[in-house]
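Here the structure is laid out as C-alpha cells; the discussion comes afterwards.
The values are calculated or read from the model by the stated rules, or taken from the named source; none is laboratory data. The structure presented is a predicted model; accordingly, all values stated were derived computationally and were not measured. Note that each Cβ is placed from the backbone with ideal geometry, even for glycine, and that neighbours are counted across all protein chains shown.
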Amino acid sequence: MKNTFLLAIATYILVSCNTSPDLSLSALFPGERIPESSVLPIGPDEIQEPVLLASQDSILVCTNQMTKQAVRIYNLDSGAFRDLIYIGRAANELLNASAIWFSGDTLNVYSSNSGKILRIQSGELFEPQPEILSIPFPAGCSGLTSLAGNSRYAAMNMLSDTPSQFLLLDRRGAEKAGFGNYPGTGSRGHYREARLVWQGKLAASPDGSHIAYASGFGNVFRFYDISDFSDISLDREYLFAEPEYISDSDPSEHRYSVIWEKTCRRGTLAMAGTDDGCYMLCDDARTVSDDDWRMNSVYCFDWEGNPLRKLDLGRRTQSIAYNHERHQLIALTVNEQDEYVFVAYNL
C-alpha cells in the first residue's frame, strides 16, 4: 500500500527530542469534538500519492507523486479529475511542485527546483488547454507561503548563512526581512543541520498579518505578528517537545543528516489556515518509531496562539486543507483496507 512518508527535503533526517513533563499540547485542549463528515465521491484508485492539498469552491488540488504531471485536480461534487503541468524544464513545466495555493480565482504552483510559479485561472482547470502563466521566483524557498494575495511571501530559511529561521519576501521573491533565530540545540554539527532539525510547516492568516509555525519534529509552535515588516513580534511560543539531534554529517561531501531517538515526537504533518485561526494535524503522543505515522487529531489556535478547539477526525489522516467557501476541512485519510479516501469535515 501507498505508505511513503514524503518530507519537504531530500536529505535523510533523523531527530531526537527533549520533552518537559510539565507541558502538554493536549492539556491546552481539555475537550474535543467529532465534526460531521462525509466521504467525497473520489475513488481510492484515482488518488495518486498526494502530498500537499489546496481547496476552493468545488475544486481540490493535490501535488502528485505517481504520474508525469505535477498536480491532480478533483471536482468535489462529481469526483471528476485530471492531471496538469508536466514534469520538465519547458516554460509551462516544473521540476517539482513544492507549494500550492489559491489567490483569488487563480491556482498557484511553486517549484523550489525550477525557481518559478505557474498560475492557472480556476475556471480553466478542467479546460482542454488552460492558459498557464510562468512567473520567475527564487529557487530553494522552503515552505513558501503566500501573504495577502501574493503581495508578499514567507518561507523557512534553509539555505542562507543568516541566523533567521524565517524570511519575508516581496512579490518578486526579494528578501525584505528575517526573523525568528534558530534555537541552539547543543550540537556541534554544521549550522545547516539546525535548519534540518527545525524544519516544519507555515501558514498565514488571510489578511497576511500573522504567521503560524509548527515543527516537523517535536512539538514546537510559534505565532508571529508580521503586520509591520520593520517591527515583527512573537505573540506566543509553545515548546512541548524541542528537537535535538546527533550529528552524522560530512560537510566536505555536502551531506547533512541527523540521528533520531525512538522516543522522538513525530511533529506536525500539515496545517490549514482559516479566517479565525490555524488547524494543525498533530499528535503529541506519536513518535518517529511508530509504524503508522498518520494522525487523527487536529488542534486549532487563533492567529495569536491562543488555543481554540481540538477535533477528533476519527480517521488516520496525513494531510489537510481548508475550503473557505464550504467551511470545510478536506482531509486525506486511509481506510481499514489501507486505501486513500478524501473526507470533508464541517467546521
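Each row is one residue, and each column tells you yes or no for (1) crowded, with 21+ Cβ neighbours inside 10 Å; (2) in a strand (DSSP E or B); (3) within 17 Å of the chain's Cα centre (by Cα).
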site: 180; (1), (2), (3): no, yes, no
site: 183; (1), (2), (3): no, no, no
site: 193; (1), (2), (3): yes, no, no
site: 207; (1), (2), (3): no, no, no
site: 211; (1), (2), (3): yes, yes, yes
site: 217; (1), (2), (3): yes, no, yes
site: 220; (1), (2), (3): yes, yes, yes
site: 227; (1), (2), (3): no, no, no
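Can you find a residue that is over 20 Å from the mean Cα position of the chain (by Cα), of a type outside the set (Val, Ile, Thr) and surrounded by fewer than 21 Cβ atoms within 10 Å (Cβ to Cβ) anywhere in the stretch 262-278?
Yes: one or more hits.
Determine whether the stretch 231-249 contains at least one residue that is farther than 17 Å from residue 194 by Cβ and among the aromatic types (Phe, Trp, Tyr).
Checked against the condition, which is being farther than 17 Å from residue 194 by Cβ and among the aromatic types (Phe, Trp, Tyr), the stretch 231-249 yields at least one hit.
Determine whether the stretch 317-339 contains at least one residue that is more than 23 Å from residue 30 (Cα to Cα) and touching a helix residue (DSSP H, G or I) at 6+ places or on another chain (Cβ under 7 Å).
Yes: one or more hits.
With the requirement that a residue be under 22 Å from residue 112 (Cβ atoms), surrounded by fewer than 19 Cβ atoms within 10 Å (Cβ to Cβ) and of a type in the set (A, V, I, L, M, F, W, C), what does the stretch 28-74 give you?
66
Failed condition for residue 25, given (1) among the hydrophobic types (A, V, I, L, M, F, W, C); (2) buried (at least 16 other Cβ atoms within 10 Å of the Cβ); (3) modelled with pLDDT under 85, with all others met?
Against the list (1) among the hydrophobic types (A, V, I, L, M, F, W, C); (2) buried (at least 16 other Cβ atoms within 10 Å of the Cβ); (3) modelled with pLDDT under 85, residue 25 comes up short only on (3).
For the list (1) within 24 Å of residue 159 (Cα to Cα); (2) in contact (Cβ under 8 Å) with a residue 24 or more places away in the chain; (3) touching an Asp or Glu at 6+ places or on another chain (Cβ under 8 Å), I need the number of the one condition that residue 233 fails.
The failed condition is (2).
Tell me the residue from 103, 164, 160 that is without any contact (Cβ under 8 Å) to a residue 12 or more places away in the chain and more than 19 Å from residue 49 (Cβ to Cβ), please.
None of the others qualify; the one that does is 160.
Can you name the residue in the stretch 142-157 that is assigned to a strand (DSSP E or B) and not hydroxyl-bearing (Ser, Thr, Tyr) and is also farthest from the chain's Cα centre (by Cα) among such residues?
Looking at residues that are assigned to a strand (DSSP E or B) and not hydroxyl-bearing (Ser, Thr, Tyr), I get 152.
Restricting to the stretch 281-335, and then to whatever is β-branched (Val, Ile, Thr) and in a strand (DSSP E or B), can you tell me which residue is farthest from residue 55 (Cα to Cα)?
287
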